[in-house]
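Participant: Sending over a structure as structure tokens; questions will come in a sec.
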């Protein structure tokens with residue numbers, strides 16, 4: 001019964017995905033009901049916990065009240081952590097854990113560890129690539145050189161299967177330096193890379209010369 005209820009909830013979610021639309025409150029509530037009933041049979045069911053966590057994130061995005069949005073993100077974080085106790089090798093759970101940490105503005109070792117595990121366990125999973133890139137670019141200043149290299153490789157791998165999605169994320173952060181040297185992005189990034197190069201060139205030429213100490217007497 002627990003598995004059947006999770007499947008029923010997934011059918012509901014699959015109806016939203018093709019249209020790439022945000023589900024309504026009624027749809028979220030109906031899906032949450034199936035998952036909650038599943039947890040009534042098996043409280044530690046990681047698939048149900050992951051599903052409820054995803055719905056918590058949907059509630060967070062749909063909320064217009066900051067306090068409620070924060071509470072939903074906190075709930076999602078708790079669900080993903082609990083699910084990871086059962087499925088510690090799931091790259092999707094690690095990626096979503098990192099995402100909730102970002103939404104909670106908790107830029108700490110747990111977030112960085114989640115990014116590493118997501119990349120190690122699901123390097124070729126498109127949704128994992130997109131989530132880790134989105135989170136990683138948001139916290140770029142807090143990444144060590146090794147983790148920055150991990151993200152750079154993620155961008156390169158992402159060009160093979162979901163270049164458009166990866167490009168959208170990179171463009172939202174104006175980090176064209178990560179893609180302009182990768183041939184597979186040229187078809188969709190050429191114009192933006194050209195503008196970025198011109199901007200960098202103009203900024204460099206406009207930079208004032210450093211003052212000299214010529215004629216200065218100590």
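Participant: What is the residue count in region 126-137 for residues that are surrounded by fewer than 18 Cβ atoms within 10 Å (Cβ to Cβ) and either touching a residue at least 40 places away in the same chain (Cβ under 8 Å) or within 14 Å of residue 99 (Cβ to Cβ) (or both)?
Facilitator: 1
Participant: Right, another one. Being part of a helix (DSSP H, G or I), in contact with a helix residue (DSSP H, G or I) (Cβ under 7 Å, 6 or more places away or on another chain) and over 29 Å from residue 179 (Cβ atoms) is the requirement here; does residue 119 meet it?
Facilitator: no
Participant: Return yes when residue 121 is buried (at least 24 other Cβ atoms within 10 Å of the Cβ) and either under 24 Å from residue 157 (Cα atoms) or under 13 Å from the mean Cα position of the chain (by Cα) (or both) and no when it is not.
Facilitator: No, not satisfied.
Participant: Further, regarding this structure: Restricting attention to region 33-51, which residues are surrounded by fewer than 24 Cβ atoms within 10 Å (Cβ to Cβ) and without any contact (Cβ under 8 Å) to a residue 40 or more places away in the chain?
Facilitator: Matches in region 33-51: 33, 34, 36, 37, 39, 40, 43.
Participant: Within region 15-32, does at least one residue satisfy the condition of being in contact (Cβ under 8 Å) with a residue 40 or more places away in the chain, over 29 Å from residue 124 (Cα atoms) and more than 19 Å from the chain's Cα centre (by Cα)?
Facilitator: no
Participant: Related question: Hey, can you tell me all the residues within region 157-198 that are part of a loop (DSSP other than H, G, I, E, B) and either surrounded by fewer than 13 Cβ atoms within 10 Å (Cβ to Cβ) or touching a strand residue (DSSP E or B) at 6+ places or on another chain (Cβ under 6 Å) (or both)?
Facilitator: Scanning region 157-198 gives 160, 161, 174, 181.
Laboratory data are not the source of any read-out in this text; all were calculated from the coordinates shown. Worth saying up front: this structure is predicted, and the values here are computed from it rather than measured. Don't worry about glycine lacking a Cβ; one is built from the backbone with ideal geometry, like all the others, and counts go over all protein chains shown.
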